[in-house]
Ligand code: ADP
């Protein structure tokens, strides 16, 4: 790890960053993509006030964005409702063509879109570019799926009746998204919604509205009709009142949310009053299990990819590492070597950076607290362990971890890799399933029977077998237990935005 630090995190004073990391960085994105007003009914509109968007790496202000309130949210919902009348009746092929055009524009502007992500959310440019391609892939995928949302004709029990099951759009969808994937979390929902014939109001995270507004600019250029895609950015202070409109307005039929389990529960309660459809992609606490038969090099590569992407700030991030006794020492040695060789802290726009800052200092405080708790209960810090100035956090490897430690009981959302040693498959599964959430899980073994047994037994929605990176538009994304409701991506993602209507055609003389 490259950062030069002078003091341990256990001392109170934070180590300084190397001088090179404190220089000023310029966002430098071409003008049409740097939008700061809300996008409502196909027009760019200002709110009464603005809120600042900061570079989490430096604290520098990047832009001032319209701070929408309930009035703008209501206007957006009404615009979406009006636009839905014709959008839902357009042919699937017409919607498909527009989604495809939007995808093409994202690809054309991928470098600018990636810079926006890096500057507002902190992730390294290479990862931001990866996110743009991943994000665009949902528009491409759902432009194709739009034309294949078949209903059913079901054999009827009566000779004079026919049974048809029609797929119809649910209506206006409120889309509430987090900061860790400022672009992809929007398209994963919006691609499916628009393909189904729904219209949307997007409320991006307060930290990362610029990527959402750039998507609106490209939607406009693509010819997506006014009111079909609306974006209402707002500050943390305005979020509850905007959320109230988006989750309670009678014109809204559906809420799709990605974020913390705590906020998801708040939104579920709001949705209950008017019985709205909901999709919830909530927190995870992924186990990463390495069995004795594993290819250790592959397991180490999987651990690096799964843990340190976006500095550990993904909901499918491995959070608890369970390593069987027979390979424990070899795994730890190789993992430590890989961390030294591959991880570089810095501003996301520097080409060598692999570890950007955490989104804010609260996020870094949480990781530091988990490390102190683990150390006080007997864990050993093998790598890192220190918080740096700003919200940078050293990638940290903890050994001698036990299940009573905070880091094995709650999501870290940071570059903390705690390792628990285990002896039997039953023991590993008991630890892995002892969580009240279940999004992703990872298993490394060469034993085919064990692969099948463990995959079936893991209480999660996504399993990576000998793989650390899994997400793709073609497959489902979603969890069990308190990790959420519903699935995104894949052929199932579109169903979250459809109702099935049963039509009985009677009185036939046959
Ligand atoms: P974090 O704690 O990392 O900010 P959240 O789950 O709170 O994660 O945030 C995810 C998204 O949910 C953000 O867009 C945030 O603004 C939004 N959000 C948080 N609280 C509410 C609320 N009461 N109503 C609507 N949206 C909310």
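Bear in mind that the values in this text are calculations on the coordinates, not laboratory data. Note that this is a predicted model, so its numbers are computed, not measured. Every residue, glycine among them, receives a Cβ derived from its backbone with ideal geometry; neighbour counts consider all protein chains shown.
Just want the ordering: 508, 398, from fewest to most Cβ atoms lying within 10 Å of their own Cβ.
Ascending number of Cβ neighbours within 10 Å: 508, 398.
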Mean Cα-pair separation over length for region 358-510, i.e. relative contact order, pairs under 8 Å, 6 or more apart, %: 14
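Can you put 260, 311, 26 in order, fewest other beta carbons within 10 Å first? Write out the running numbers ahead of the final one.
On the way: 260 15, 311 32, 26 10.
Lowest to highest Cβ neighbour count: 26, 260, 311.
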If one compares the long axis through the Cα atoms of helix 209-222 with the longest principal axis of the Cα atoms of the chain, the angle in degrees, nearest 10, works out at 40
For the chain, find the longest principal axis of its Cα atoms and tell me its angle to the long axis of helix 70-87, 0 to 90°, nearest 10. 50
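Per the Kirkwood formula on distinct C-alpha pairs, the Rh of region 366-452 is how many angstrom? Write down the numbers at each step before the final one.
Values: mean 1/r = 0.0700 Å⁻¹.
The Cα-based Kirkwood calculation yields 14.3 Å.
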At q = 0.09, 0.11, 0.15, 0.18 Å⁻¹, what is the log10 ratio I(q)/I(0) for region 111-244, with the Debye formula run over Cα points and no solvent? -0.33, -0.46, -0.74, -0.98
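Over 17 Å apart: what share of the alpha carbon pairs of region 212-268 falls there, rounded to a whole percent? Don't jump to the answer; show the numbers that get you there.
Working: 823 of 1596 pairs.
Result for the distance tail: 52 percent.
Assuming R0 = 51 Å, can you tell me the calculated FRET efficiency for the pair residue 453 and residue 144, based on Cβ-Cβ distance, to the nearest 0.05? Each step should come with its number before you reach the end.
Numbers: r = 36 Å, r/R0 = 0.70.
Approximately 0.90, to the nearest 0.05.
Take every DSSP beta bridge with both residues inside the chain and express the antiparallel ones as a percent of the total, to the nearest 5. Please list the in-between numbers first.
Working: 29 of 67 bridges.
Expressed as a percentage, antiparallel bridges in the chain total about 45.
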Region 81-130 versus region 318-356: alpha-carbon centroid distance in Å: 32
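Whole number please: convex hull volume per residue of the Cα set in the chain, in Å³?
Values: hull volume 77.5 nm³, N = 510.
So the per-residue Cα hull volume is 152 Å³.
How big is the C-alpha Rg of region 73-182 next to the rule-of-thumb value 2.2 N^0.38 Å, as a ratio?
On the way: Rg = 19.2 Å, N = 110, 2.2 N^0.38 = 13.1 Å.
With N residues counted in region 73-182, Rg over 2.2 N^0.38 Å equals 1.46.
With N denoting the number of residues in region 418-510, provide Rg(C-alpha) divided by 2.2 N^0.38 Å, to two decimal places. Write down the numbers at each step before the final one.
Values: Rg = 19.3 Å, N = 93, 2.2 N^0.38 = 12.3 Å.
For region 418-510, the normalised Cα radius of gyration is 1.57.
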Given Cα pairs under 8 Å that are at least 6 residues apart, what percent is the relative contact order of region 236-371? 18
Taking the DSSP beta bridges in region 395-510 as the whole, what percent of them are antiparallel, to the nearest 5? 30
Radius of gyration, Dmax [region 309-447; alpha carbons; angstrom]: 14.9, 45
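Using the reciprocal of the averaged 1/r over all distinct C-alpha pairs, how large is the Kirkwood radius of region 327-396 in Å? Don't jump to the answer; show the numbers that get you there.
Values: mean 1/r = 0.0754 Å⁻¹.
This gives a value of 13.3 Å.
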Beyond 13 Å, how much of the Cα-Cα pair distribution for region 254-315 remains, as a whole percent? 70
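So for region 94-141, what are the equivalent ellipsoid semi-axes in whole Å, largest first, each being the square root of 5 times an eigenvalue of the Cα gyration tensor? Numbers along the way, then the final one.
Numbers: eigenvalues 101, 16, 10 Å².
Semi-axes from the Cα gyration tensor: 23, 9, 7 Å.
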Jot down the radius of gyration and Dmax of region 53-132, Cα atoms only, both in angstrom. 17.3, 48
Nearest 10 degrees, 0 to 90: helix 92-108 Cα axis against the chain principal axis: 30
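Arranged by the count of other C-beta atoms within 10 angstrom, fewest first, what order do 39, 150 take?
Values: 39 26, 150 8.
Taking fewest neighbouring Cβ atoms as first place, the list is 150, 39.
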Relative contact order in percent for the chain (Cα pairs under 8 Å, 6+ apart) equals 19
From the Cα centre of region 167-235 to that of region 410-436, the distance in Å is 35
Can you compute the modelled spin-label distance between residue 360 and residue 495, with each label point 7 Å from Cα toward Cβ, in nm? 3.8
